[in-house]
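All remarks here apply to the structure that follows.
The values are calculated or read from the model by the stated rules, or taken from the named source; none is laboratory data. In this text the structure is predicted, and so the values were computed from the model without any measurement. Cβ placement follows ideal geometry from the backbone for every residue including glycine, while neighbour counts extend to all protein chains displayed. Keep in mind that these areas ignore ligands, DNA and RNA; they rest on the heavy atoms of the full protein, side chains included. Shrake-Rupley method; radii C 1.70, N 1.55, O 1.52, S 1.80 Å.
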Amino acid sequence: MNNSKNFKPLFDRRGKSGIYSVVLSLILLAVLIVVNLIVGSLPARYTMLDTTDSGQYEISGTSESFLAGVKENVTVYYIVPEGYEDATLSAFLDRYVSLSPKLTLKSVDPLENPAFLDNYSEFEDLSQESGDYASSYLLIESAERYRVLHTGELYTYGFADLGYSGLSFDEAMTLYQQYYYYGIYPVEDGYCFDSKITGAIEYVCAESIPSVYVLGGHGEEAFSETVASFLTDYGIDYKELNLALDGDAVPED
């Protein structure tokens, strides 16, 4: 008695179709994994495009040209307690340092590693008890010198109640102190990541630092904070000189 017709083939059409679907899914999954690995290995300048209306990630052509020619090794330390990172700034820094193989980005938690700051005089007044560690900084350093930027300097500010906008950090703090008791506070209204950070890198990489002396002692008007800030941004030392008190001595530089 032949019972062959009582047995089904091991793989019928539906079984073969299911296997093909599984295999195809596995192949697609493998392709996606490989693509993600490739994209993950690309520099941030290729994977993080600035599509924001405010251009918060925009890097100028001038900065890109400058960074392409940087020959010194420069480390950008983002000094901020864990959990206080600025996501916008972090994203910009990732994209910025990817433009040059000479740039390295490192994060430092001052609460976990307070000894790191002991080598830099700018941080001498900070203490865990004062709460100042909640502030964040960029420390940009080469083999020759370094510069410290409070991250507040990387934004511009406005006072809607006063009709002001586009103020520097120092200008905003001056007005804040004047109007604090009236409940008038500044708000961030723009970014200057590109100019501030590029200026700091130019400063730490410069072979020599030019100086600008502002004469004093005869009622001269002092530079405004805006002008002084521009000088600092372009790596120029800003100093005061009183020829009467200094014995008419003109510095060699």
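Per-structure values
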{"read-out": "The range 63-101 versus the range 155-230: alpha-carbon centroid distance in Å", "value": "22"}
{"read-out": "Accessible area per residue in Å² at 1.4 Å probe, computed on the range 98-253", "value": "60"}
{"read-out": "Listed residue pairs exceeding 24 Å between alpha carbons, taken from Lys106/Lys239; Lys106/Lys196; Lys71/Lys239", "value": "Lys106/Lys239; Lys71/Lys239"}
{"read-out": "Heavy-atom accessible surface of the range 169-227: percent carbon and sulfur, 1.4 Å", "value": "52"}
{"read-out": "Pairwise Cα inverse-distance average, inverted: Kirkwood Rh of the range 106-253 (Å)", "value": "17.9"}
{"read-out": "Per-peptide average of other Cβ atoms within 10 Å, ordering 75-85, 189-199 highest first", "value": "189-199, 75-85"}
{"read-out": "DSSP beta bridges in the range 101-253 [antiparallel fraction, %, rounded to 5]", "value": "70"}
{"read-out": "Cα gyration tensor shape of the range 62-111, rounded if a/c is under 1.5, else prolate or oblate by comparing a/b with b/c", "value": "oblate"}
